[in-house]
1. Convert each backbone phi in segment 60-71 into a coupling constant with the Karplus relation 6.51 cos²θ - 1.76 cosθ + 1.60 (shift: θ = phi - 60°), then list the ³J(HN,Hα) values in order as whole Hz, x for Gly and Pro.
2. May I ask you to derive the FRET efficiency for LEU298 and LYS115 from their Cβ-Cβ distance with R0 = 22 Å, giving the value to the nearest 0.05?
3. Which residues make up the longest stretch of the chain that has no trypsin sites (Lys or Arg not before Pro) in a DSSP loop with at most 12 other Cβ atoms within 10 Å?
4. If you keep only loop residues by DSSP, which chymotrypsin sites (Phe, Trp or Tyr not before Pro) in segment 239-344 have at most 13 other Cβ atoms within 10 Å of their Cβ?
5. Which value, in Å², gives the accessible area per residue of segment 288-330 when a 1.4 Å probe is used on the protein heavy atoms?
6. Would you mind telling me the share, in percent, of accessible area of the chain contributed by carbon and sulfur at probe 1.4 angstrom?
7. Relative to the Cα centre, what is the charge dipole magnitude of the chain, using +1 at the beta carbon of each Lys and Arg, -1 at the beta carbon of each Asp and Glu, and rounding to the nearest 20 debye?
8. In whole Hz, what ³J(HN,Hα) sequence does segment 317-333 give by Karplus (6.51, -1.76, 1.60; θ = phi - 60°), x for Gly and Pro?
Amino acid sequence: MKLSQRSLLGGAFTALAMSMMLSTAAKAEALTVYTAIEAEDLQKYAERFNAAHPDIEVKWVRDSTGIITAKLLAEKDNAQADVIWGLAATSLLLMKSEGMLEPYAPKGVEKLDPKFRDKADPPAWVGMDAWVAAICFNTVEGEKNGLPVPTSWEDLTKPVYQGHVSMPNPNSSGTGFLDVSSWLQMFGEDGGWAYMDKLHENIRYYTHSGSKPCKDAARGEIAIGVSFAFRGAKSKAEGAPLEVVIPSEGIGWDMEAAAIVKGTDHMDAAKTLMDWLITEDAMKMYNEGYAVVGIPSLAKPVEHFPDGILEAMIDNDFEFAARNRERILKEWQTRYDSKSEPKS
């Protein structure tokens, strides 16, 4: 009898424990988050957020900027994402113009540099960090092929570099698009396309990832990769024989930004995520890879980042880039797509 009672009691405790576990699991609200953040950083971002908010599960949908942007636009009338966390501000400006974003002022938004938030009140999006264009130059391959270290964008059009340069396709990559839009701003519309015509002669291939040209340069698969400074600095820290070059004419840049997708069924959880992703803890996390973050006073130098980045960043006209995106991409596709790598 005692054994039976003990078994019944034990079974009751087991059932209660399972019920509590199921109840806890049921409380974990899932957010579908679209992103172009580097794949190796996704787990870290989710873990840091969950340390503060274990009751919200982040379900990532990740691809390059161009693909995520196209996916979101295709889903305009049937949104699948709840939040966008880590996509180019130029893409979010486009989505704002399409009425796809839910305006929201996260707690602490007043601490952000004004450049890192939408001008509307409440803002449709907020910025996290900035990534900047850079040239990744493999010194071993450069010496093997008799290539001098380039110091400017114009240098990359010299005959000595023919077949030694790679850059991202702007239709797939946010880095590629910021390169193209910045050249059109720096050199003027006619001058920008003339520059890209000359550069195209030296391009071996266009990639569908903003980081791949630098990764390829780090591996010695190509001497020069037009990419972004974070990837160059990270590869150099891992031992790659790279020089990370900031071209003398100036550099294009864009913000990784975040927003709530209009129509989400998880508004409270989405607002909680938006509140957290501009906190000081989040900014310090971004600063582990990016030298420029939304709260500038928190930024510390990042190992192997070249000097003079802030001074080299052009006065980027994000409205121009967003407003003319479709036209620019179509023109680029017509002129240069013949050298793009196959899409995987």
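1. 6, 10, 10, 7, 5, 4, x, 6, 5, 4, 5, 5
2. Once the sixth-power term is evaluated, E becomes 0.90.
3. Working: sites that count: LYS119, LYS343.
The reported range is 120-342.
4. Answer by residue number: there is no such site.
5. Computed with neighbouring chains in place, this is 60 Å² per residue.
6. Numbers: 8210 of 15680 Å².
Percent of accessible area from carbon and sulfur atoms in the chain: 52.
7. In total the dipole reaches around 1060 debye.
8. Per residue, the Karplus-derived 3J(HN,Hα) values read 8, 5, 5, 4, 4, 5, 5, 9, 3, 4, 5, 4, 5, 5, 5, 4, 4 Hz.
The values are calculated or read from the model by the stated rules, or taken from the named source; none is laboratory data. This one's a predicted model, so the numbers in the text were calculated from it and none came from an experiment. Neighbour counts are summed over all protein chains in view; Cβ atoms, including those assigned to glycine, are modelled from backbone coordinates with ideal geometry. Each accessible area value is taken on the protein alone, full model and side chains, heavy atoms only, with ligands, DNA and RNA left out. Shrake-Rupley method; radii C 1.70, N 1.55, O 1.52, S 1.80 Å.
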